[in-house]
1. If you find the alpha carbon centre of the stretch 1-72 and of the stretch 170-232, how far apart are they in angstrom?
2. Please state the charge dipole magnitude for the stretch 150-222, taken about the Cα centre, from unit charges on C-beta atoms (+1 on K and R, -1 on D and E), reported in debye and rounded to the nearest 20.
3. Count charges around Leu25 for me, please; just the other residues with Cβ under 14 Å from its Cβ, Lys/Arg as +1, Asp/Glu as -1.
4. State, as an integer percentage, the relative contact order of the stretch 64-192 based on alpha-carbon contacts under 8 Å between residues 6 or more apart.
5. Would you mind classifying the stretch 131-175 by shape? Square roots of the alpha carbon gyration tensor eigenvalues, ordered a ≥ b ≥ c; an a/c under 1.5 is rounded, otherwise it is prolate if a/b is larger than b/c and oblate if not.
6. For the stretch 2-231, what is the relative contact order in percent, using Cα pairs closer than 8 Å and at least 6 residues apart in sequence?
7. Rounded, prolate or oblate: which fits the chain, taking a ≥ b ≥ c as square roots of the Cα gyration tensor eigenvalues, rounded meaning a/c under 1.5, else prolate when a/b beats b/c?
8. Quick one: how many lysine pairs in the stretch 95-232 have C-alpha atoms under 20 angstrom apart, if they're 8 or more apart or on different chains?
Amino acid sequence: MKAAIMQPYFFPYIGYFQLIRSVDLFIVYDNIKYTKKGWINRNRILQNGKDATFSLPLKQGSDHLDIRDRELAIDFSADQLLKKITGAYRKAPFFVQTFKLIENILQNKNQNLFQFIHESIIKTCAHLEIQTEIRVSSEIETLPDLKHQKRVIALCKTVNATTYINAIGGLDLYSKEEFKDQGVELKFIRSLPFQYPQFDATFVPWLSIIDVMMFNSPETIQKYLHEGYELI
């Protein structure tokens, strides 16, 4: 069985969904420290020909809190974010069907950060016809004090995964030899270039999956999810 483990990201780039599709089981970390400078609750869309950041504002909280212990800000406005996305993409060829998905996700009344993003991943996968099983890390028994590579290996062994696929960014963090010693094959997924028309603007790569869905047909997206990467 092939498995992958990642932090939850809010409307991440298409490579995140390629990773989910490439495995049998995708594990989402909830009991891991929230990092301010990461992409957990923010990403980028195309606005006036340039990349623009959008985000889920959070209540103030300790830097030591796990993702599952963080909450959305009381003044978070789904309507405000929807207006921003509408202004950016209302003339995009696949705006109508994509906006329905985004609206459905943002209407979630759950204020818990992890649960909000987890639900967004589930719904986006369904929209993209990705059928991979998705589980939450805290629901899988493992030793809580393990960190980094040892924690990943322990999770893989707990779910009986024989292959672990990681995002290409972990190439220098994990050792294929150490995984092999524990009976797990380690591979890395690298997305191939994927360029498409973005109105009349100069192409801006690797924006949120929102951008991909606004400008590409379901058939084009399906083909790239299936073929647009290599495993190394």
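1. 15
2. Working: 7 positive and 8 negative charges, 76 e Å.
So the dipole magnitude of the stretch 150-222 works out to roughly 360 debye.
3. Details: positive: Lys2, Arg21, Arg135, Lys157; negative: Asp24, Glu133, Glu139.
Around Leu25, the surrounding residues sum to +1.
4. Values: 90 pairs, mean separation 23.4, N = 129.
Taking the mean separation of contacting Cα pairs over the length of the stretch 64-192, I get 18 percent.
5. Details: a/c = 1.81, a/b = 1.16, b/c = 1.56.
Because a/c hits 1.5 or more and a/b fails to exceed b/c, the stretch 131-175 counts as oblate.
6. Working: 357 pairs, mean separation 65.9, N = 230.
Reported as a whole number, the value is 29 percent.
7. oblate
8. The result is 15.
Read-outs throughout are calculated quantities, based only on the coordinates presented, and are distinct from any laboratory measurement. This is a predicted model, so every value here is computed, not measured. Here the Cβ is made from the backbone with ideal geometry for all residues, glycine too, and neighbour counts use every protein chain on show.
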